[in-house]
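Peer 1: I have a structure here, written as structure tokens, and I will follow up with some questions on it.
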Amino acid sequence: MQASAHAADRLRTMIADGALAPGAKLSEQALSGELGISRNTLREAFAMLAAENLVARLPNRGGFVTDPTADDVRDLYAARLVLETGAVLWGELDGPAVARLREIVAAALTAVEAGDAPTMADANQRFHREIVAAAGSRALLAEMDRALARMRLVFHAMTDEPGFHAGYAHRNSEVLAALEAGDRARAVELLRDSLSAARDEILARVG
């Protein structure tokens, strides 16, 4: 079980990093060799990721990276709206946490100026992860990591929209400004608006 859990972590990271795209066929032969595990262990890892809706296992066809549907997008954002706003209200968003958010926003805005969409996307993911990390719960952060891996699959629908991530880099800077001012209620309002806008923009594309 430990080997399969480790393999699932590796595959989850590959999905989160964009190395495995939505709908991609997961070759047991290639992946078992790359990860240095048996096919049985790999299948156990696939089962774990299928439970997280990252992998689809089709009879007589094998495993595929999930291609998110509109319902998947709605479900993801429903979870994120609760998880992230709760973390802003009740998390330990102290000086060091805000400083980390400030560094992430600065990197995102630099990427906006450079037109570097992949770096914008990465910074956006890190910003939202850092917010949940402030809750101080390994269990919640693990849930967020699973959600963010699924979000990478969702964002593939927006690859031909270079301005998509730029807009949310600016929205994140507004959330940060509210946190720096100590106004958590305003930060929650801005975060909720940002997540809702992203959901609706993606649904307009995939729904």
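Peer 1: For region 137-207, which helices (runs of 4 or more DSSP H) that fit wholly inside it have 1 or more residues that are among the aromatic types (Phe, Trp, Tyr) and not assigned by TED's automatic domain parsing to the domain that holds Asp9?
Peer 2: Because the criterion is at least 1 residues that are among the aromatic types (Phe, Trp, Tyr) and not assigned by TED's automatic domain parsing to the domain that holds Asp9, the helices (runs of 4 or more DSSP H) in region 137-207 that meet it are 138-155, 164-180.
Peer 1: Within region 12-33, how many residues are hydrophobic (A, V, I, L, M, F, W, C), part of a helix (DSSP H, G or I) and touching a helix residue (DSSP H, G or I) at 6+ places or on another chain (Cβ under 8 Å)?
Peer 2: Of the residues in that region, 3 qualify.
Peer 1: Suppose the filter is under 16 Å from the mean Cα position of the chain (by Cα), without any contact (Cβ under 8 Å) to a residue 40 or more places away in the chain and assigned by TED's automatic domain parsing to the domain that holds Asp193; does Val132 pass it? Explain how you work it out, then say what you get.
Peer 2: Working: under 16 Å from the mean Cα position of the chain (by Cα): yes; without any contact (Cβ under 8 Å) to a residue 40 or more places away in the chain: no; assigned by TED's automatic domain parsing to the domain that holds Asp193: yes.
The answer is no for Val132.
Peer 1: Let me ask another. Is it the case that some residue within region 96-104 is within 30 Å of Gly163 (Cβ to Cβ) and either at pLDDT below 90 or surrounded by 18 or more Cβ atoms within 10 Å (Cβ to Cβ) (or both)?
Peer 2: As a first pass, look at region 96-104 and keep what is within 30 Å of Gly163 (Cβ to Cβ): 97-104.
Now drop any that are not either at pLDDT below 90 or surrounded by 18 or more Cβ atoms within 10 Å (Cβ to Cβ) (or both), which leaves 101, 104.
Within region 96-104, one or more residues are within 30 Å of Gly163 (Cβ to Cβ) and either at pLDDT below 90 or surrounded by 18 or more Cβ atoms within 10 Å (Cβ to Cβ) (or both).
Peer 1: Further question: Can you tell me which residue among Arg100, Arg57, Arg43 is among the charged types (D, E, K, R), in contact with a helix residue (DSSP H, G or I) (Cβ under 6 Å, 6 or more places away or on another chain), outside any loop (DSSP other than H, G, I, E, B) and outside the structural domain of Ala187 (by TED's automatic domain parsing)?
Peer 2: From the options Arg100, Arg57, Arg43, the qualifying one is Arg57.
Peer 1: Give the residue that is modelled with the lowest pLDDT, with candidates limited to residues of region 12-32 that are among the charged types (D, E, K, R) and closer than 24 Å to Phe155 by Cα. Steps first, please.
Peer 2: Looking only at region 12-32, we keep the residues that are among the charged types (D, E, K, R), and these are 12, 17, 25, 28.
Narrowing further to those that are closer than 24 Å to Phe155 by Cα: 12, 17, 25.
Working: Arg12: 86, Asp17: 73, Lys25: 91.
Applying the filter and picking the extreme gives Asp17.
Peer 1: Of the conditions (1) in contact (Cβ under 8 Å) with a residue 40 or more places away in the chain; (2) within 27 Å of Thr66 (Cβ to Cβ); (3) over 14 Å from the mean Cα position of the chain (by Cα); (4) assigned to a helix (DSSP H, G or I), Leu109 satisfies every one except a single condition; which number is it?
Peer 2: The single condition Leu109 does not satisfy is (2).
Peer 1: Give me the residue from region 160-203 that is surrounded by 16 or more Cβ atoms within 10 Å (Cβ to Cβ) and of a type in the set (S, T, N, Q) and, out of that set, nearest to Phe127 (Cα to Cα).
Peer 2: It comes out as Asn172.
Peer 1: Which is surrounded by fewer than 18 Cβ atoms within 10 Å (Cβ to Cβ), over 15 Å from Phe164 (Cβ atoms) and hydroxyl-bearing (Ser, Thr, Tyr), of Thr85, Thr110, Thr119?
Peer 2: Checking each option against the conditions leaves just Thr110.
Peer 1: From the list Asp9, Asp71, which residue is in a helix (DSSP H, G or I), surrounded by 14 or more Cβ atoms within 10 Å (Cβ to Cβ) and either touching a helix residue (DSSP H, G or I) at 6+ places or on another chain (Cβ under 9 Å) or modelled with pLDDT of 90 or more (or both)?
Peer 2: Step by step, each of Asp9, Asp71 is checked, and only Asp9 is in a helix (DSSP H, G or I), surrounded by 14 or more Cβ atoms within 10 Å (Cβ to Cβ) and either touching a helix residue (DSSP H, G or I) at 6+ places or on another chain (Cβ under 9 Å) or modelled with pLDDT of 90 or more (or both).
Peer 1: Among (1) under 19 Å from Arg74 (Cα atoms); (2) at pLDDT below 95, there is one condition Gly167 misses while meeting the rest; what is its number?
Peer 2: The number of the failed condition is (1).
The values are calculated or read from the model by the stated rules, or taken from the named source; none is laboratory data. Since this is a predicted model, take the numbers as computed values, not measurements. Cβ coordinates were reconstructed from backbone atoms using ideal geometry, including for glycine residues, and neighbour counts include every protein chain displayed.
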